[in-house]
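Trainee: Dropping a structure here in structure tokens format, bear with me for questions.
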Amino acid sequence: MARKVSTRRKAVNTGIAWTVGLLIFFPILWTVLTSFKTEAQAIADPPIWFNFHWTLENYVTVQERSNYFRHFWNSVVISVGSTLIGLAIAVPAAWAMAFVPGKRTKDLLMWMLSTKMLPPVGVLVPIYLLFQRFGLLDTQVGLIIVLTLINLPIIVWMLYTYFREIPVDILEAARMDGAGLKDEVISVLLPMAVPGMASTVLLNIILAWNEAFWTLNLTAAKAAPLTAFIASYSSPEGLFYAKLSAASTMAIAPILIMGWFSQKQLVRGLTFGAVK
Amino acid sequence: MGRITLDKVTKSFGEVQVIPPLDLTIDDGEFVVFVGPSGCGKSTLLRLIAGLEDITSGQIRIDREDATHVPPAKRGLAMVFQSYALYPHMSVRKNIAFPLKMAKMDAAERDKRVDYAASVLNLTDYLDRRPGQLSGGQRQRVAIGRAIVREPAAFLFDEPLSNLDAALRVNMRLEISELHNTLKTTMVYVTHDQVEAMTMADKIVVLHAGRIEQVGSPLELYHTPRNTFVAGFIGSPKMNLIEGPEAAKHAAHTIGIRPEHLDTSAEAGTWEGRVGVSEHLGSDTFFHVHDTGLAETLTVRASGEVALRHGDRIFLTPQMDKLHRFDAEGLRIA
């Protein structure tokens, strides 16, 4: 029998949900609002909410002072590049782990996940020295490599979870029908895993887009993505809040828009396997 | 041609041997059914023939060629899975055509074969639908269509009807038998349902704990079961197996009498007892008789409707020419 929920209870639940939602959304809203204020209004006490003279001045200044589109392009190349290379490595790995698991598959998966528990700063020095040695500092290629490796465990885990939901019978039927490994993966497995692949790609692009630690430490000017672009407005001296907010808004807008349009796919991806 | 020979085939998973050394020959054009209880190894045996599992030792020959290490796709066999295993992202036409596409057959010939299979299986109107838009029976027909178009040396069926409802199961059973009569291709069929086995098979292979208990025609198995396991497994309701002094009177450790071979009377008979639960099927009545002085409850099958009520007294007499005798090892005494 379906559980009955009283109107009052519903109203309370709705109120709580809206409060939590607004709390989470508030920093983004405040950043966007601040980006349209002057520097003086941005630090006014008490804070000014909506009653201020809206200006695009900060956006103009930011674009004049730094080349937004170059950073944007670096972010696109690094996030999409690391995701595609990650997929190319993760698809065969997840296939093997899901369909021909060995005795140590579970251990391997746990080990991969455990690498995400290591504080990145712990390996910063060796990676920095390696990058320096191989001339990868401040290059798109260098960042693609490091972000691919960092996010690979998540891609493998997500694809592994998706592949595990695909009935083995169907792959065996393909084998009986004469499909080789390539046809089995390309013609049968991947088309069936499209929803899972899509959410994996989306999540990985978001993670790579927002990655700040490695991008800040391994880039200077040439390959710096939007995260480095935002950081360049964070200064201990001077009035930069409004410009910093404008830069942040410009940096998160593309990924926010992408996330908005693909939220259904993302939620499905993140809750996959939780319920049948 | 579709002659399949298993020569001392074994299969182990780690330390556990699920198929002890096993020999079997399936002749060309035969309809062979592997039957046995859950976990007896019948599906594993089918998968070994298909090549979906590697055998641990022994040899599998298909049409006298050693196929032991030949991959599934190259064995010339087609398989119909219990779960249908259709490709959900492809239309029915693409599903059926998939093996032909893998064989790089040209599009015109492919279409011709798909259309023929669809007409045989009454699927012509559904060719553009996806599997998700079909009923269980239609999906099973698509799975069979996908097998037919390959013109395989043999068809392998892994409990293909177990996901269907009872009425549809009977229809599909007839359709598969009809298909075998039309194509005359070897069919190996796995089921745990002995009624399916009895009604469809030319030859039944009864399996128990990975071993073959008996191979024979349905009626051979019914009339001369080799041991108590086969006697109990083949036939529905199952054979009454009686041990103790009553069996000793017939110089046996165990005697067996099928429910349909017990005559009933209200006045006199070999065993007197009381009627317990009765199951009325219309065409037949099954009733269970207690308090006969035997350790076992006896099941009786009477033709038509029988007006016996719970607690009624009844006399039962076995038809002596239909009595089966087994020794202490459970083996049939000739």
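Every read-out reported here was derived from the displayed coordinates using simple, explicitly stated rules and does not represent laboratory data. A quick note: this is a predicted structure, and the numbers were derived from the prediction, not measured. All Cβ positions, glycine included, derive from the backbone under ideal geometry; neighbour counts span all protein chains shown.
Trainee: Considering only DSSP states other than H, G, I, E and B, which trypsin sites (Lys or Arg not before Pro) in segment B:188-269 qualify as loop sites with at most 13 other Cβ atoms within 10 Å?
Mentor: Qualifying residues, ordered by number: B:Lys249.
Trainee: Quick one: helix A:68-99 against the long Cα principal axis of chain A, what's the angle to the nearest 10°, folded into 0 to 90?
Mentor: The helix A:68-99 is inclined about 20 degrees to chain A.
Trainee: I'd like the mean, over residues of B:84-93, of how many other protein chain beta carbons sit within 10 Å of each residue's own Cβ.
Mentor: If you average over the peptide's residues, the count of other-chain Cβ atoms is 4.
Trainee: With +1 assigned to the C-beta of every Lys and Arg and -1 to the C-beta of every Asp and Glu, and no other charges, what is the dipole magnitude of segment B:182-334 about the Cα centre in debye, to the nearest 20?
Mentor: Its charge dipole is roughly 340 debye.
Trainee: Let me check the size of segment B:37-124 from its C-alpha atoms; what are the radius of gyration and Dmax in Å?
Mentor: Reported Rg and Dmax, both Å: 15.9, 45.
Trainee: Here's another thing I want to ask about it. Treat segment B:121-247 as a sphere of radius equal to its Kirkwood radius over Cα pairs and apply Stokes-Einstein at 10 °C in a medium of 1.306 mPa s; give the translational diffusion coefficient in µm²/s, rounded to a whole number.
Mentor: Reported coefficient: 96 µm²/s.
Trainee: Rounded to two decimal places and with Rh computed the Kirkwood way over Cα pairs, what is Rg over Rh for the protein assembly as shown?
Mentor: 1.16
Trainee: Additional query: Other chains near B:72-80: what is the mean number of their Cβ atoms within 10 Å of each residue's Cβ?
Mentor: Partner Cβ neighbours, averaged per residue: 4.
Trainee: May I ask for log10 I(q)/I(0) of segment A:7-59 at q = 0.27 Å⁻¹, from a Debye sum over the Cα atoms as equal point scatterers with solvent left out?
Mentor: Calculated log10 I(q)/I(0) at the listed q: -1.00.
Trainee: Next question, about the same structure. Gap in Å between the Cα centre of segment A:128-193 and the Cα centre of segment B:1-51?
Mentor: Result: 36 Å between the Cα centres.
Trainee: Setting aside same-chain residues fewer than 8 positions from B:Lys249, which aspartates and glutamates have a Cα under 14 Å from its Cα?
Mentor: Cross-link targets: B:Asp327.
Trainee: With both bridge residues required to lie in chain B, what share of the DSSP beta bridges run antiparallel, to the nearest 5%?
Mentor: For chain B, the DSSP antiparallel bridge percentage is about 70.
Trainee: Right, next: Distance between the C-alpha centers of segment A:57-92 and segment B:287-302? Whole Å please.
Mentor: Result: 81 Å between the Cα centres.
Trainee: Can you work out D for segment B:222-277 in µm² s⁻¹ from Stokes-Einstein, where Rh is the Kirkwood radius over C-alpha pairs, the temperature is 4 °C and the viscosity is 1.567 mPa s?
Mentor: Here the translational diffusion coefficient equals 102 µm²/s.
Trainee: Mind checking segment B:194-295 for GluC sites (Glu not before Pro) that DSSP puts in a loop (not H, G, I, E or B) and that have at most 15 other Cβ atoms within 10 Å?
Mentor: Sparse-neighbourhood loop GluC sites (Glu not before Pro): B:Glu267.
Trainee: So how strong a dipole does the protein assembly as shown carry about its Cα centre when Lys and Arg Cβ are +1 and Asp and Glu Cβ are -1, to the nearest 20 debye?
Mentor: 2000
Trainee: Straight-line reach from A:Lys4: which lysines have a Cα under 29 Å away, not including same-chain ones fewer than 8 places off?
Mentor: Filter leaves A:Lys264, A:Lys276.
Trainee: Using +1 at the Cβ of each Lys and Arg and -1 at the Cβ of each Asp and Glu in segment B:4-230, identify which of B:Ile212, B:Gly51, B:Val149 lies farthest towards the dipole's positive end.
Mentor: The one lying farthest along the dipole's positive direction is B:Val149.
Trainee: Using only helices, what value at 222 nm comes out for chain A when you add -39,500 (n - 2.57) per DSSP H run of length 4 or more and divide by the total residues, to the nearest 500 deg cm²/dmol?
Mentor: -22000 deg cm²/dmol
Trainee: To continue, here is another question. I'd like the Kirkwood hydrodynamic radius of segment A:77-176, using the inverse of the mean 1/r over distinct C-alpha pairs, in Å.
Mentor: 15.2
Trainee: Next question, about the same structure. Please identify every one of the trypsin sites (Lys or Arg not before Pro) in segment A:175-265 that sits in a loop by DSSP and has no more than 12 other beta carbons within 10 Å of its own beta carbon.
Mentor: Answer by residue number: A:Lys222.
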